[in-house]
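To keep things clear, I will list the structure first and then write my remarks on it.
The values are calculated or read from the model by the stated rules, or taken from the named source; none is laboratory data. Nothing here was measured: the structure is a model prediction, and the numbers come from that model. Backbone-built Cβ (ideal geometry, glycine too); neighbour counts: all protein chains shown. These accessible areas exclude ligands, DNA and RNA; they are computed on the full protein's heavy atoms, side chains included. Shrake-Rupley method; radii C 1.70, N 1.55, O 1.52, S 1.80 Å.
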Amino acid sequence: MPIDITQQSLSGIRDAIASRAVTAAAVVERYLNRIAALDGAVGAFNEVLTQRAMRRAELVDNGELRGPLAGVPIAIKDNICTSFGKTTCSSKILGDYRSPFNATVIDRLERAGAIIIGKTNLDEFAMGSSCENSGFAPTRNPWDTDRVPGGSSGGSAAAVAADLCAGALGSDTGGSIRQPAAFCGVVGLKPTYGRVSRYGLVAYGSSLDQIGPITRTVADAAAMLNVIAGHDPLDSTCADEITGGPVPDFNMGLGTPVENLRIGVAQQYMSDSNDPAVNDAVSSAIERFEKMGATIVVVDLPHTEYGVPCYYIVATAEASSNLARFDGVHYGHRTARPNDLIDLYSASRAEGFGDEVKRRIMLGTYALSSGYYDAYYLKAQKVRRLIKRDFDNAFNQCDAIICPPAPAPAFRLGANTADPLQMYMADVYTVNANLAGIPGMTMPAGFTEVDGRRLPLGLQLLGPTFSEHKLLRIGAMFERETDYTSQRPVLSPASAG
Amino acid sequence: MSERLTDDDVKKVAKLARLKLNDEQIHAFAGQLSDVLSYVHKLDELDVTGVEPMAHPTDMTNRFRDDTPGRPISVDQALANAPESDPPFFKVPKVLGDGGGA
């Protein structure tokens with residue numbers, strides 16, 4: 001290979017394979033070698049699917065496997081079911097669980113010729129913002145291995161940032177695609193609720209969960225969304241043409257600026273308590289958009305600060321119900337010597353779930369329990385409506401809102417583990433998009449130097465439901481004006497430890 | 001409102017949630033869950049009179065797929081991950097009699 005293929009964008013890799021400049025087998029091998037050399041320091045992968053990936057690459061090279069992502073190595077968050085390899089949700093309770101079926105997104109990626117190269121680490125059952133809640137081991141940020149990659153899709157974001165795959169899938173219940181993408185200096189897109197099928201995604205908060213791409217560039221996110229978006233009869237909440245409109249070609253128009261672009265800015269997101277570098281990055285992005293001719297509109301999102309308390313009731317209530325299926329009977333861990341059936345459930349669950357999962361199940365159980373339902377769950381559902389209305393009003397005045405993805409860049413491992421509430425409060429800028437069901441995209445917007453290390457900064461774009469196409473076009477405008485997405489962390493096998 | 005959960009409250013929730021926790025864990029959760037709940041009471045600052053609860057982000061209702069037979073997974077596949085099975089059944093401890101009940 002004349003150039004290092006892993007430094008190419010997803011589309012660059014696809015084109016190189018399609019034009020026979022390189023074989024899919026060589027591409028996959030190159031990525032597998034990088035994983036072998038570098039993932040010891042990062043810890044992005046729970047499982048690398050070496051043999052299957054090589055077999056699939058041969059199918060691409062002999063022409064049996066074609067499609068818009070033919071030969072492109074993709075990593076999958078390990079809470080998305082694959083009928084090959086394990087699906088663990090990074091939880092001990094799932095043990096060596098092997099899914100009997102593929103998630104719809106997996107079938108679609110494979111039909112498009114993509115090569116699933118491995119399953120990536122996450123906060124157990126996607127509950128967390130740092131990947132430190134993994135039941136196995138934390139993933140580290142490729143820009144500074146003493147720092148977290150964010151979460152819960154930390155493994156997927158770190159794998160993309162370290163060029164251990166060409167793109168990845170994550171899932172986002174309260175920011176779990178967007179925040180780790182921002183912490184790792186890559187692009188993360190949470191689609192509108194219902195744009196992508198959730199069939200085969202292990203459920204956390206069913207009214208909030210959504211699968212989406214994590215990639216190097218905006219065009220790469222569009223290429224992946226093109227393949228995974230669209231109606232699925234196996235997910236009754238997945239939008240069809242009537243409820244969501246026709247699925248556009250997300251690649252189309254990426255090179256053309258949005259005309260008469262109106263960008264909304266909300267004072268509630270530009271808080272003085274944010275790390276100043278975070279606000280600076282967003283402010284300079286706003287200036288750039290102004291220079292490109294966009295009109296900046298001040299919008300008001302008065303219920304922003306109620307998002308985190310609202311989210312932690314809605315999400316945990318749904319989780320307490322969804323995670324009832326882990327009972328030590330049908331799959332996964334079972335306690336050794338149960339006294340009786342109830343003890344089998346209670347002991348298996350206590351042994352299999354980590355502390356954060358237990359905490360959220362307990363919180364949700366309490367919020368739904370007799371006598372507290374009105375005060376917590378019903379109240380949170382009403383506040384959810386107010387948050388949705390804030391966005392409806394704002395999007396009457398603008399095409400998209402620009403804001404920070406998180407109050408600060410990636411923090412040190414262990415910095416927030418002692419106080420769960422502190423960790424929850426850092427989700428303030430991402431949870432509201434899930435509550436409202438709107439799409440959000442984060443992308444690189446600069447760097448800050450902390451303790452002699454360069455850390456990525458991000459910006460977030462929020463849009464009305466089913467406006468991914470426009471968010472991608474706006475992101476592409478910013479990407480053309482900057483060179484942040486082309487920057488790479490310096491990683492060597494020696495940076496372990 | 002800023003009530004604190006007692007250890008007994010947490011024991012009751014743990015029973016409902018089917019989580020067998022020891023006294024130390026119960027006590028730790030009592031503190032942590034109380035902190036989170038007092039933070040959640042921030043929602044009481046808002047007047048939500050007349051606001052319709054929002055259970056879901058979409059307005060879709062009663063969506064059915066075509067009533068055509070599909071291909072379910074086989075019994076063998078369904079049992080493949082079971083910690084204990086006696087095909088074609090999942091195996092559990094005795095439920096009735098002195099089986100512990102609910």
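Some points to look at:
- The Cα atoms of the stretch A:177-249 give a gyration tensor whose axes a ≥ b ≥ c have a/c of 1.5 or more with a/b no greater than b/c, which makes the shape oblate.
- Expressed as a fraction of 2.2 N^0.38 Å, the C-alpha radius of gyration for the stretch A:118-250 is 1.02.
- Shape category assigned to chain B from the gyration tensor of Cα positions, a/c cut at 1.5: oblate
- Mean separation of Cα contacts under 8 Å, 6 or more apart, over the residue count of chain A: relative contact order %: 18 percent
- Spatially close lysines, pair count over chain A: Cα under 17 Å, gap of eight or more or interchain: 10
- Buried on complex formation within the stretch A:235-265 (loss of at least 40 square angstrom of accessible surface versus the isolated chain, 1.4 Å probe, ligands and nucleic acids ignored): A:S236.
- At a threshold of 40 Å², the residues of the stretch A:411-433 that become less accessible to a 1.4 Å probe in the full protein assembly than in their chain on its own are A:L421.
- Label positions at A:S283 and A:M270, each projected 7 Å from the Cα along the C-beta direction, are separated by 0.8 nm.
- Lysines whose Cα lies under 23 Å from that of B:K94, excluding same-chain neighbours fewer than 8 positions away: B:K15, B:K20
- For the protein assembly as shown, the share of DSSP beta bridges that are antiparallel, to the nearest 5, is 65%.
- Computed over the stretch A:127-187, relative contact order equals 33 percent, with contacts defined as Cα pairs under 8 Å that lie 6+ residues apart.
- Summarising the label geometry, the points placed 7 Å from Cα in the beta-carbon direction at A:A18 and B:D8 lie 6.9 nm from one another.
- Normalised contact order of the stretch A:68-190, rounded percent, pairs of Cα under 8 Å and 6 or more residues apart: 25 percent
- Shape of the stretch A:201-332, Cα gyration tensor, a/c cut at 1.5: oblate
- The orientation-averaged projected area of the convex hull spanned by the Cα atoms of the protein assembly as shown comes to 27.6 nm².
- With every protein chain in place, the protein assembly as shown: carbon and sulfur % of accessible area (1.4 Å): 49 percent
- Size of the stretch A:219-270 as Cα extents on the principal axes (Å, biggest first): 40, 30, 21
- Protein heavy-atom accessible area occluded, B/A pair - total, 1.4 Å probe, Å²: 5700 Å²
- Residues of the stretch A:108-170: accessible area per residue with a 1.4 Å probe, Å²: 13 Å²
- Surface accessible to a 1.4 Å probe, A:E58 within the full protein complex, Å²: 100 Å²
- Pairwise label distance in nanometres, B:T49 with B:T61, each label 7 Å out on the Cα-Cβ vector: 2.7 nm
- Whole-number D in µm² s⁻¹ for the stretch A:260-320, Kirkwood Cα-pair radius fed into Stokes-Einstein, 20 °C, 1.002 mPa s: 156 µm²/s
- Listing of the stretch B:52-76 residues, each with accessible area lower by at least 30 Å² in the full protein assembly than in the chain alone (probe 1.4 Å): B:E52, B:P53, B:M54, B:A55, B:H56, B:P57, B:M60, B:R63, B:R65, B:I73
- Residue-normalised accessible area of the stretch A:318-468, given per residue in Å² at a 1.4 Å probe: 32 Å²
- Backbone phi angles across the stretch A:348-354, fed through the Karplus curve with coefficients 6.51, -1.76 and 1.60 (θ = phi - 60°), yield HN-Hα couplings of 4, 5, 5, 6, x, 7, x Hz in residue order; Gly and Pro are listed as x.
- Rh (Kirkwood; distinct C-alpha pairs) - the stretch B:1-49, Å: 11.7 Å
- Structure-based [θ]222 nm, chain A - -39500 (n - 2.57) summed over DSSP H runs of at least 4, per residue, nearest 500: -11000 deg cm²/dmol
- For the stretch A:421-496, the equivalent ellipsoid built from the Cα gyration tensor has semi-axes of 27, 20, 10 Å, listed from largest to smallest.
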